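First the structure, in the form of structure tokens, and then the observations on it.
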Amino acid sequence: MLTNFPLMALALIIYNGIMFGLGGVALTWQTEIFSLNMVSGATWVFNLGDLMLTIGLVLLFIEILKATRVGKMSIIDHLLSTVVLIIFLVEFLLVPGASTSVFFALMLMTLIDVMAGFSVSIRSATRDVSLGDTL
């Protein structure tokens, strides 16, 4: 059952933990985590928003890999991912602290997760049907 847990929910939990962990204070996602001087002479600044987006992209990659599984439990995984997308959307529309570009990008990643999950499942199901007809 743990493999059916939608990992994008972790991004939602982490975002809310950071946002509400500061007592509802408007957190600036531009808070610098570290900076590096590049060979070109420019300075690359990695901020808290970049970290959240990086976490989201890693989770999205794992979710897309999970979408390739075939079986009855994959349907539950897709449904739970859809619920997480709905939670993202409602929070984006109703919670002032979620009205940021970082949250919007995480919500888009969740939308891609849902679309990819259903698309891969439908595509693999049509291949199973076509293989079954040729035998």
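The values are calculated or read from the model by the stated rules, or taken from the named source; none is laboratory data. As the structure is a prediction and not an experimental result, all values here were calculated from the model. Using ideal geometry, Cβ is built from the backbone for each residue, glycine included, and neighbour counts are taken over all protein chains shown.
Numbers at a glance
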item	result
Selection count, the range 14-29, where residues are at pLDDT 85 or above and surrounded by fewer than 10 Cβ atoms within 10 Å (Cβ to Cβ)	0
Close pairs from the range 93-108: first among the polar types (S, T, N, Q), partner part of a helix (DSSP H, G or I), Cβ under 7 Å, at least 6 apart	Ser99/Phe92
Residue in the range 30-51 that is within 11 Å of the chain's Cα centre (by Cα) and either of a type in the set (Ser, Thr, Tyr) or at pLDDT below 90 (or both) present	no
Filtered residues of the range 88-104 (kept if surrounded by fewer than 16 Cβ atoms within 10 Å (Cβ to Cβ) and either assigned to a helix (DSSP H, G or I) or touching a Cys at 6+ places or on another chain (Cβ under 9 Å) (or both))	Leu89, Val90, Phe92, Leu93, Leu94, Pro96, Ser101, Phe104
